[in-house]
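Worksheet: one structure, shown below.
The values are calculated or read from the model by the stated rules, or taken from the named source; none is laboratory data. Quantities reported herein were computed from a predicted structural model and do not represent experimental measurements. Here the Cβ is made from the backbone with ideal geometry for all residues, glycine too, and neighbour counts use every protein chain on show.
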Amino acid sequence: MKKVIETRNLHKIYTETEVEVRAVNGIDLSFEEGEFAAIVGPSGCGKTTLLNLLGGLDSPTSGSVIIDGTDISKFSSRKMIDFRLNNIGFVFQAYNLIPVLTARENAEFIMHLQNKTKAERKARIDELFRAIGIEGKEDVRPGRLSGGQQQRVAVARALASKPRFILADEPTANLDSKATGELLDIMRRLNEEENATFVFATHDQRVIERAKRVVYLEDGKVIKDEIKN
Amino acid sequence: MNVIRRKINNLNSINIKMAWRNIWRNKLRSSVVIMAVTVGLFGGLASTGIMKGMVMDMVQNALENQTSHIQIHNKKFPANNDVVFLIDSTRKIIKEIVADPGVKAVSQRTKTFGMASTAATGVGVMINGVEPEAEKKVTKIYDKITEGSYFDSGRKNRVVISEKLAKKLNVHLKSKIVVTFQDYDGNLTGASFKVEGIYKTQNTMFDGQNLFVRKAELDQLLDLPQGTAHEIAVLLEDYNETSPAVEKMQQQFPEYLVEGWYDIDPYLRLTSSLTDFMLFIFMGVIMLALGFAIVNTMLMVILERTKELGMIMAIGMNRYKVFKMIMYETTMLAIVGGALGILVSVVFTWYYGKEGIDISMVAKGFASLGYSSVMHPVLELSDYMEVIAMVMLTGIVASIFPTVRALKMKPAEAIRE
């Protein structure tokens with residue numbers, strides 16, 4: 001399997017406070033195409049920081065993040081924005097949908113940024129909405145969708161641009177068991193059907209159970225890397 | 001509003017859609033800003049319209065009563081109005097001028113300073129010798145007659161004076177006035193004239209200084225050579241053509257001084273151009289104040305939407321598109337208010353431009369400056385275009401500061417807000 005993401009001796013040290021915080025402390029890790037992996041650990045172990053570094057939302061203090069053979073930590077901010085747009089999908093804990101746009105408009109928002117045509121947008125969103133099972137709610141705004149439905153739209157948005165991989169930060173934290181189960185089923189199916197690579201930062205046991213690989217973090221270091229059969 | 005909403009919803013541009021819908025996320029706040037822009041623009045446009053209307057009225061009155069569009073003089077005459085500085089062969093000149101299709105009418109005048117006296121008092125005046133029929137086609141003093149007529153009797157030695165002069169000299173219709181002045185040779189001369197008509201224009205200063213007699217009679221008293229005059233007044237078909245017409249006539253008659261109304265009465269030009277400048281300054285100040293209000297609103301918006309902005313920057317919206325998104329919203333806010341302000345101003349100007357606003361209660365002072373006591377607000381298409389451009393510019397400029405604030409956000413931190 002081809003390596004999609006790789007980190008080499010990755011460090012992120014916060015020095016804003018009096019106490020130096022080593023949020024990521026020398027991580028060497030790689031994810032392959034089509035993986036469905038979870039980065040887990042207690043609060044403050046560096047999960048979100050690692051995810052932000054992998055997604056180019058933050059820059060490392062030292063070390064590198066290599067995606068498809070390119071060290072993205074050396075990118076200018078402008079190049080990084082373009083790179084994120086075309087290669088990375090994000091799913092956030094609080095869904096973060098744009099309240100004034102409908103479910104469809106939210107999902108195709110990223111395709112507008114990519115200057116895709118109306119026909120391209122329609123075809124892709126129709127396909128994704130069938131997959132996430134919220135047909136009939138396309139023209140509804142987020143405020144009138146349940147948490148589970150909103151997160152499904154957020155997943156559709158993350159996948160709309162056909163990214164190299166999807167980073168999901170605590171995507172199930174605000175969902176009940178039923179919605180979590182349904183969402184994870186959808187993500188697993190998309191992982192298999194679209195060969196989309198999913199990397200979660202989570203401490204949700206339900207996600208950990210479904211993940212094919214679980215990376216355990218503690219104090220900014222990988223303490224265990226488990227690949228399930 | 002529903003039609004606009006439907007049209008915007010059907011637009012392909014997600015940015016415009018978002019901007020429009022975002023405006024209505026906080027209806028009260030947006031309505032307050034829109035109202036501020038509406039009232040501000042209306043206030044500015046209405047005041048400018050009134051000011052402009054007054055000035056145009058004043059210019060129109062001045063052109064209609066005396067100045068006309070173009071005047072031709074002996075080059076030395078305007079310096080001291082000495083009667084010896086004449087235009088020769090006036091008939092020939094007038095014939096040539098009238099041949100131009102852009103010319104509506106021409107009249108010739110004899111002018112001299114003198115003293116108008118009655119048993120009661122004496123007043124220094126400008127004595128205008130006119131050819132009544134030709135003058136009627138150029139100026140409208142005949143239309144301002146309040147008593148008597150404008151040389152309709154055909155009798156000799158008749159004078160038309162203003163109400164103001166009549167009051168000063170304590171005369172009525174058919175009263176006699178003795179007018180004295182220096183003739184062509186510098187000798188003191190004069191004659192007695194009977195009041196045939198009394199006029200009143202909106203310019204009390206003009207009224208206090210001008211009386212009219214027949215040119216032929218004045219020429220005789222002044223002992224002027226045949227076929228001469230001090231002034232040839234030209235009325236054009238189109239007032240906007242004054243400048244090229246002046247140039248053309250100056251080339252045609254290089255030995256004389258040809259001037260447009262704006263050179264004859266620089267005060268008219270100054271007031272007229274000052275009004276245009278005032279619109280610019282006035283609206284500029286209003287737009288600046290409104291710009292600050294919009295900036296303040298947009299800063300609140302940015303603060304409220306930190307998380308949302310963090311998300312869209314995280315997923316790949318670049319700086320230019322963030323600027324465009326905020327600019328659309330800011331400009332739309334300004335445009336909605338601007339459109340309403342302009343609409344109200346158009347209705348106001350249209351209605352009161354026709355009906356007029358009577359300010360006769362306070363108009364006495366205005367009249368001495370040549371302003372009418374009934375104001376007719378006037379705004380031209382170019383004024384509205386200027387204001388529309390200013391509104392757009394305000395929207396764009398007002399979006400810069402909030403955008404800078406938005407772009408300073410770090411997406412990862414903003415999402416966690």
*Would you pick out the residues in the stretch A:69-112 that are part of a helix (DSSP H, G or I) and acidic (Asp, Glu)?*
A:ASP82, A:GLU105, A:GLU108
*Which of the residues belonging to the stretch B:93-114 are outside any strand (DSSP E or B), touching a residue at least 40 places away in the same chain (Cβ under 8 Å) and surrounded by fewer than 18 Cβ atoms within 10 Å (Cβ to Cβ)?*
B:GLU96, B:ASP100, B:PRO101, B:GLY102
*Residue under evaluation B:VAL138, criteria (1) in contact with a Leu (Cβ under 7 Å, 6 or more places away or on another chain); (2) surrounded by fewer than 17 Cβ atoms within 10 Å (Cβ to Cβ), criterion not met*: (2)
*Scan the stretch B:241-283 for residues that are among the basic types (Lys, Arg) and within 16 Å of the chain's Cα centre (by Cα) and jot them down.*
B:ARG269
*Only one of these is more than 14 Å from chain A (Cβ to nearest Cβ) and surrounded by fewer than 22 Cβ atoms within 10 Å (Cβ to Cβ): B:MET332, B:MET298, B:MET390, B:MET385. Name it.*
B:MET385
*Has the stretch A:142-155 got any residue that is under 24 Å from B:LYS307 (Cβ atoms), surrounded by 23 or more Cβ atoms within 10 Å (Cβ to Cβ), basic (Lys, Arg) and within 12 Å of chain B (Cβ to nearest Cβ)?*
no
_Regarding the stretch A:71-84, can at least one residue be identified that is closer than 17 Å to A:THR197 by Cβ, within 14 Å of chain B (Cβ to nearest Cβ) and charged (D, E, K, R)?_
yes
*Kindly establish whether A:ARG121 is surrounded by fewer than 24 Cβ atoms within 10 Å (Cβ to Cβ) and touching a residue at least 12 places away in the same chain (Cβ under 8 Å).*
yes
*Matching option when the condition is surrounded by fewer than 24 Cβ atoms within 10 Å (Cβ to Cβ), modelled with pLDDT of 90 or more and not small (Gly, Ala, Ser), among A:LYS74, A:LYS79*: A:LYS79
*Checking A:ASP58 against (1) surrounded by 15 or more Cβ atoms within 10 Å (Cβ to Cβ); (2) more than 25 Å from B:LYS408 (Cβ to Cβ); (3) in contact (Cβ under 8 Å) with a residue 12 or more places away in the chain; (4) acidic (Asp, Glu), which test does it fail?*
(2)
*Do we find that A:THR7 is outside any strand (DSSP E or B), under 19 Å from the mean Cα position of the chain (by Cα) and not small (Gly, Ala, Ser) in this structure?*
no
*Counting only residues that are surrounded by fewer than 14 Cβ atoms within 10 Å (Cβ to Cβ) and away from chain B (no Cβ under 14 Å), which one in the stretch A:12-52 is nearest to A:PHE165 (Cα to Cα)?*
A:SER30
*Can you give me the number of residues within the stretch A:163-186 that are among the acidic types (Asp, Glu), free of Cβ contacts under 8 Å to residues at least 60 places away in the same chain and either in a loop (DSSP other than H, G, I, E, B) or more than 16 Å from A:GLU209 (Cα to Cα) (or both)?*
1
*Would you point out which residue out of B:ILE312, B:ILE281 is in a helix (DSSP H, G or I) and away from chain A (no Cβ under 14 Å)?*
B:ILE281
